[in-house]
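Just below is one structure, and these are the notes that go with it.
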Amino acid sequence: MRLRFVLGALALLAALAPAAARAEDGYDLWLRYRPVEALARPAYQAHATELVVAGDSPTLRAARDELERGLSGMLGAEAPLAAAVDRPGAILLGTAAQPQIAGLGLPLADLGPEGYLVRTVQVDGRAVTVVAANSDVGVLYGAFRLLRLIQARQPLDHLAISDRPALRLRVLDHWDNLDRTVERGYAGASIWDWWKLPDYRDPRYVDYARANASVGINGAVLNNVNAKPESLTQPYLRKAAAIADALRPYGIKVYLSVRFAAPKEMGGLPTADPLDPAVRAWWAGKADEIYRLIPDFGGFLVKANSEGQPGPQDYGRSHADGANMLAAALQPHGGVVMWRAFVYSSEQPEDRVKQAYAEFTPLDGRFAPNVMLQVKNGPLDFQPREPFHPLFGAMPKTPTMLEVQVTKEYLGFSTHLVYLGRLWEEVLKADTHRPDAGSTVARILMRGTGPGALTGMAGVANIGADRNWTGSHFDQANWYAFGRLAWDPNQSSRAIAEDWARLTFSNDPAFVAPVADMMLRSREAVVDYMTPLGLHHIMGEHHHYGPGPWVADAPRADWNSVYYHRADAGGIGFDRTEDGSNAVGQYAEQAGAELLDDERYLLWFHHVPWDRKVRSGRTLWDELVVRYSRGVDEVRQMRRTWDAMAPYVDPARHADVAAFLAIQEREAQWWRDACIAYFQSQSKRPLPAGYAPPAHPLEWYEAQKFPYAPGG
Ligand code: GCW
């Protein structure tokens, strides 16, 4: 189907639109499609004189709409058509099912169901940019790729791009509650307007889907893992179905978190025992009901026997018994179970970071093929830095997916600029030294349990109803980077940061280089001002906002900061060597040896005397103070960098970021001062020369209260 001559029609539209540039508020994310500079524009226009979409479907229409939107935004206004007319070039989209594409004989076989080609081919002496794939959603991904090339000012001549996702499930986990609060959410209310659904479908759902598809995200778990049974009732399933309808054209499947006790709490059964036939029948019936409403429903995410959630262990059954029961209910429909490995029990006196490995490794090989184990990046809980989770590579017969946290529960909420691509890259590149499984975490994820196996990555979403979606402009980068890394876990986080900065703000190299640099350094900065040298879990209680190394009265030992840092007159750090909890014994021998020797994890694995010399030649105590101070200095430097970027950024977004960086500097100083005040009360040592004492006495820091901190 020949659609129309794009530029002609779009130039007309542009002429009708008011000339004034729209103010930037962040809503457009990295899909801003602002006009290409006048000098560069004709070259792009020459490639886009005609848009031809072979075939028709909701997904192909989405691809066409996106191209029209993007091309008109970037190339349409005041288009000098002369150049285009001299050298007419078309864009052709479609799948191999269409004769126009099949006739080109393109190598589509290796692209799989979601990959695509973007190629320059000659047709009747004319240069045509072809976006081709085996499926409509592959075409959509290719369309976004083509737009990205223009957005980032890459040349369109002689294109020979071929890409396919390395992981099958690329999923956002929304910790969104049915009352629209968001657990650990810092971007306003939930985007899911449950109350008005299904009749009212907020147009935002489509923009959410566009953003996700542009980076290849293909799944959304709609509700919190701390799940309410009501989400499985008919009215709420109908609401979920309405969301699924909005997301479907963009290749995004909907999943639900389920509460393990639902058969009891809403089904009227006396038990939720996974081996009880009535319970199994209840879940099978529930799955049938869901698939009647959502034929392509993705499956269930489950948090069981963790932090008070019900689970199979309540009935003396194992995680495998529980997961396999749900898997059996979903299996006839092609659904999957994502069973979380984030478990730790209140009865266990064992080092908390050891519990998931201890509970799950004996179950390797006992999970149904449509079960995936979803494992957080580290063995504790999304801290600024943790060693990789010892479960990676340790369960070679179990499909294992990585869970990362895109929302910044422990990293300064949405007001701190911290680029998480760096953190995730560190985990993905970590070498588990389990060569049979793939060795690096990225390769373990990609390989799965063998050909055709389930593979995946999940990110706890940072998205809310705030106008800029993520609460801050720079947190959009974390959503973006999650999608890009889930598509290809081997990508460099720097390249992703550069792409994002170009698309979101400016292509000017004088902007891209320093801003990408700042993003890359921001991760180490937050480690330094919060938890240097392997410290962890020393934040404020419950809300997790700000420092709280003094927390010692939580009801469970392993909810207290003192449990983790163990600072006393003799030294600081958690001994996880053979002489201590031996958590290091859960890693392959070589990996364990490397971790023990790595200063980044010093206090994660060792209890170290205050006067012990570290690599810098300083004592541990002095080094702690130096690192805390260095983190604050880095944030000051980030502010200077950003101030100098004013010429490249619209005033509104520039001012927002500058204001947040000022908050970040103040809070980095607070973290430094509070932690130094507390640890000095243990170490009883003076600060090294030239380092300022904390602004307040320790009691002042301890007295701070934040009853209305968000995300709780
Ligand atoms: O880190 C903890 C969070 C909880 C969260 C839990 C989990 C959804 O503080 O808010 O609950 O992790 O991952 O299940």
Estimated vicinal HN-Hα couplings, Hz - region 128-143 in sequence order (Karplus 6.51, -1.76, 1.60; Gly, Pro = x): 10, 8, 9, 10, 10, 7, 8, 9, 4, 5, x, 4, 4, 4, x, 4
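Efficiency by 1/(1 + (r/R0)^6): what FRET value for residue 646 and residue 590, r their Cβ-Cβ distance, R0 = 45 Å, to the nearest 0.05?
Numbers: r = 49 Å, r/R0 = 1.09.
Given R0 = 45 Å and the Cβ-Cβ separation, E is 0.40.
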Principal axis dimensions, the chain - Cα atoms, whole angstrom, descending: 80, 68, 48
Cα long-axis angle, helix 277-293 against the chain (0 to 90 degrees, to the nearest 10): 30
Cα centroid of region 460-502 to Cα centroid of region 122-190, whole Å: 13
Selection from 582, 218, 388, by position along the positive dipole direction of the chain (Cβ): 218
Rough spin-label spacing in nm, given labels placed 7 Å along Cα→Cβ, for residue 199 and residue 345: 4.9
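For region 249-333, state which GluC sites (Glu not before Pro) are in a DSSP loop and have at most 16 other beta carbons lying within 10 Å of their beta carbon. List each step's numbers first, then the result.
Numbers: sites: 265, 289, 307; in loops: 307.
Of the GluC sites (Glu not before Pro), the ones in loops of region 249-333 whose Cβ has at most 16 other Cβ atoms within 10 Å are 307.
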Helix 476-487 axis, angle to the chain major axis (alpha carbon atoms, nearest 10°): 80
Positive-end residue of 171, 696, 358, charge dipole of the chain with Cβ unit charges: 171
Label-point separation, residue 361 to residue 541 (7 Å along Cα→Cβ), nm: 3.4
Cut-off under 5 Å, modelled amide H: who pairs with residue 459 long-range: 171, 172, 173, 404
Relative exposure of 449, 361, 129, judged by other C-beta atoms within 10 Å (fewest first): 361, 449, 129
Spin-label proximity, residue 289 to region 219-262 - amide N less than 11 Å from point 7 Å beyond Cα toward beta carbon: 230-238
Per-q log10 I(q)/I(0), region 600-712, q = 0.11, 0.15, 0.19 Å⁻¹ (Debye; single scatterer per alpha-carbon; no solvent): -0.50, -0.82, -1.06
With Cα atoms, 0 to 90° folded angle of helix 493-504 axis to the chain main axis: 50
Length gained when the stretch residue 618-residue 234 is fully extended (0.36 nm per residue, less Cα-Cα span): 131.9 nm
In range of the label at residue 368: residues from region 238-263 whose backbone nitrogen is under 18 Å from the point 7 Å along Cα→Cβ: 255-263
In Hz, Karplus ³J(HN,Hα) per residue of region 217-229 (6.51, -1.76, 1.60; θ = phi - 60°; x = Gly, Pro): 6, 10, x, 9, 8, 7, 10, 4, 5, 7, 8, 9, x
Size of charge dipole - region 442-511 - debye, nearest 20, with Cβ of Lys, Arg +1 and Asp, Glu -1, no other charges: 260
Beta bridges per DSSP with both ends in the chain, % antiparallel, nearest 5: 35
For the chain, the longest site-free run once chymotrypsin sites (Phe, Trp or Tyr not before Pro) in DSSP loop states with at most 12 other Cβ atoms within 10 Å are removed: 201-707
Length gained when the stretch residue 691-residue 662 is fully extended (0.36 nm per residue, less Cα-Cα span): 8.3 nm
Residue 183 paired with residue 122, simple spin-label distance in nm, labels 7 Å along Cα-to-beta-carbon: 6.1
Local electrostatic count at residue 579 - Lys and Arg +1, Asp and Glu -1, tallied over other residues with Cβ under 14 Å: -1
For region 303-346 versus region 514-568, the gap between their alpha-carbon centres in whole angstrom: 30
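Bear in mind these aren't lab numbers, they're just calculated from the coordinates by the rules spelled out. Here the structure is a predicted model, which is why all the values come from computation and not from measurement. Cβ: placed from backbone, ideal geometry, glycine included. Neighbour counts: every protein chain shown.
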